[in-house]
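Report on one structure; see the data block that follows.
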Amino acid sequence: GIFSLHRYATAVLEGLIIPLTELERDREELLAMAEEWREVAVFFMLRLSLAPCVESLVVCDRLLFLSEQGFDVQLKAVFEPTISPRNLLVLSLK
């Protein structure tokens, strides 16, 4: 395909002191690892995609809990969400 673990490893190791011959010697091990590479990449893509949704659910749960306990609850954005998904402040008064 367009991306191969061998090309990636070669690019990463260019500036390091590990000679490429060592990488070639472990080719079978690298090929075995390449099979798992896609699974890891898919897992992290799903994680990154679902993180904002999970963050929103946690904040909503906190808001509902405090509201059910009789608190006056406010939600404020304290900075831009591009900096961090944890940009929300939950304020409550009883």
Checklist outcome for this item: Within region 29-73, the residues that are within 30 Å of Y8 (Cβ to Cβ), open to solvent by 90 Å² or more (accessible area, probe 1.4 Å) and in contact (Cβ under 8 Å) with a residue 12 or more places away in the chain are M33, W37
Item to check | Candidate set from region 71-93 (those that are of a type outside the set (A, V, I, L, M) and under 23 Å from the mean Cα position of the chain (by Cα)); member that is modelled with the lowest pLDDT | outcome: P85
Item to check | Unique match (being out of contact with any Leu (no Cβ under 8 Å at 6 or more places or on another chain), at pLDDT 85 or above and not β-branched (V, I, T)) among E29, E24, E14, E68 | outcome: E68
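The values are calculated or read from the model by the stated rules, or taken from the named source; none is laboratory data. These numbers come from a predicted model, not from an experiment. Because the Cβ atoms are built from the backbone with ideal geometry, glycine has one as well, and the counts that use them run over all protein chains shown. We work out accessible area using only protein heavy atoms, side chains counted, and drop any ligands, DNA or RNA first. Shrake-Rupley method; radii C 1.70, N 1.55, O 1.52, S 1.80 Å.
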